[in-house]
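Everything on this sheet refers to the single structure shown next.
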Amino acid sequence: MSESPESKRAKEQIAFSREVSAKAARKLKAQRSGVPGVWFGLGMTGLIGWSVVVPTLLGVAAGIWIDSHYPGSYSWTLMLLVIGLLIGCLNAWHWVDKEDREMRKEQGDDYE
């Protein structure tokens, strides 16, 4: 037996209304819980960027100072630039990992 067109249409409408209802409930929950928006994401991007830039620039400044006061056969500036960059990248990874864990915790995802 095949379904009547009215029955099929009614089932499609029910499925559609459930989908719309679920999306509306998620949106309302996000608004109530204060889930961060676009501006928060841009701010976090800036924070992560500065967490890389600051150690890198500090390494460069320290390297220039060491090279100017204690000249040697290799460049302290280059070495401290790389070390500062590595420290900055580890710092940024820490921030991103921390935020990711907090978001997963809020969503109820317990896999890590």
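The values are calculated or read from the model by the stated rules, or taken from the named source; none is laboratory data. This one's a predicted model, so the numbers in the text were calculated from it and none came from an experiment. Neighbour counts are summed over all protein chains in view; Cβ atoms, including those assigned to glycine, are modelled from backbone coordinates with ideal geometry.
Below is a table of values for the structure above.
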{"read-out": "Filter result for the condition that a residue is surrounded by fewer than 14 Cβ atoms within 10 Å (Cβ to Cβ) and small (G, A, S), over G84, G72, G88, G59", "value": "G72"}
{"read-out": "I48 in the same structural domain as E106 (by TED's automatic domain parsing), closer than 19 Å to E102 by Cα and surrounded by 16 or more Cβ atoms within 10 Å (Cβ to Cβ)", "value": "yes"}
{"read-out": "E106 being of a type outside the set (G, A, S), modelled with pLDDT under 90 and surrounded by fewer than 10 Cβ atoms within 10 Å (Cβ to Cβ)", "value": "no"}
{"read-out": "Single residue of the range 93-103 satisfying the filter (surrounded by 11 or more Cβ atoms within 10 Å (Cβ to Cβ) and over 10 Å from the mean Cα position of the chain (by Cα)) that is nearest to L47 (Cα to Cα)", "value": "H94"}
{"read-out": "Test set (1) at pLDDT 75 or above; (2) surrounded by fewer than 10 Cβ atoms within 10 Å (Cβ to Cβ); (3) small (G, A, S) - S33 fails condition number", "value": "(1)"}
{"read-out": "Given (1) in a helix (DSSP H, G or I); (2) closer than 30 Å to D100 by Cα; (3) at pLDDT below 85, index of the condition P55 fails", "value": "(3)"}
